[in-house]
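The values are calculated or read from the model by the stated rules, or taken from the named source; none is laboratory data. On a predicted model such as this, the values are computed, not experimentally measured, just so you know. Note that we place each Cβ from the backbone using ideal geometry, even for glycine, and neighbour counts take in every protein chain shown. Heavy atoms of the whole protein, side chains included, go into the accessibility calculation; ligands, DNA and RNA do not. Shrake-Rupley method; radii C 1.70, N 1.55, O 1.52, S 1.80 Å.
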Amino acid sequence: MSTVVEAAEALAAALRGVEGVRYVPDLAAVVEPPATALGPPALTWDAYCVEPTEARFIAYVVVARDERALPRLWDLVPRVAAALDAVPDAVVRRADPGLYPSGELPCYQIQVEVSL
């Protein structure tokens, strides 16, 4: 990747390509699970670099709150992680369980690092 915008666009395209989930382009939007969303990145600069050299994104995998939430997450997270990991210069580092920020729905937050 060469810019943060290009990295975000490539990751969003990967999320849109995951079968069986909707991609939500705005974290503040109402989410209809199952869904994915992409948060803004944390940026890192190597010494003496003017532009960021790495971006760490959080991709959300969101499901409905019910008795099947965990099995659905465990089914979706590997598929979403594989799609993100297939993006050039992107590496999935970890997935943490939690609640989606707008709506408090069960989710996993997948950390993706992208070299810029």
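Ignoring the sites themselves, the chain has its longest run without chymotrypsin sites (Phe, Trp or Tyr not before Pro) in a DSSP loop having at most 13 other Cβ atoms within 10 Å at 49-116. Per residue of the chain, the DSSP helices (runs of n ≥ 4 H) give a summed -39500 (n - 2.57) that works out to -8500 deg cm²/dmol at 222 nm.
Here segment 5-36 is scanned for amide nitrogen atoms under 12 Å from the site 7 Å beyond the Cα of ASP89 along Cα-to-Cβ, giving 5-11. What the phi angles of segment 23-40 give under the Karplus curve with 6.51, -1.76 and 1.60, with θ = phi - 60°, is a coupling list of 9, 9, x, 10, 4, 8, 6, 5, 9, 10, x, x, 8, 10, 8, 10, x, x Hz, glycine and proline written as x. When only the Cβ of Lys, Arg, Asp and Glu is charged (+1, +1, -1, -1), the dipole of the chain relative to its Cα centre reaches about 320 debye.
The packing ranking, built from the mean of other Cβ atoms within 10 Å per residue, places the peptides 81-88, 30-37 in the order 30-37, 81-88, highest first.
Projecting the Cα atoms of ALA37, ALA14, LEU70 onto the dipole axis of the chain, where Lys and Arg carry +1 and Asp and Glu carry -1 at the beta carbon, places LEU70 farthest toward the positive end. Taking amide H positions as modeled 1.01 Å from N, with prolines and chain starts lacking one, the residues under 5 Å from LEU105 and 5 or more places away or on another chain are TYR100. Once backbone amide H atoms are built at 1.01 Å from N, TYR23 has THR36 as its partners under 5 Å, excluding neighbours fewer than 5 places away on the same chain. Rolling a 1.4 Å probe across the protein heavy atoms gives segment 41-88 an accessible surface of 60 Å² per residue. Estimated at 0.36 nm per residue, the fully extended path between TRP74 and THR44 surpasses their Cα-Cα distance by 7.8 nm. Angle between the Cα long axis of helix 69-85 and the longest principal axis of the chain, 0 to 90 degrees, nearest 10? The two axes meet at around 20 degrees. Computed from Cα positions, the angle between helix 4-16 and the longest principal axis of the chain comes to roughly 30 degrees. Using a probe radius of 1.4 angstrom, the carbon and sulfur fraction of the accessible surface of segment 8-112 is 55%. Sorting the segments 96-106, 5-15 by their mean number of nearby beta carbons within 10 angstrom, highest to lowest, gives 5-15, 96-106.
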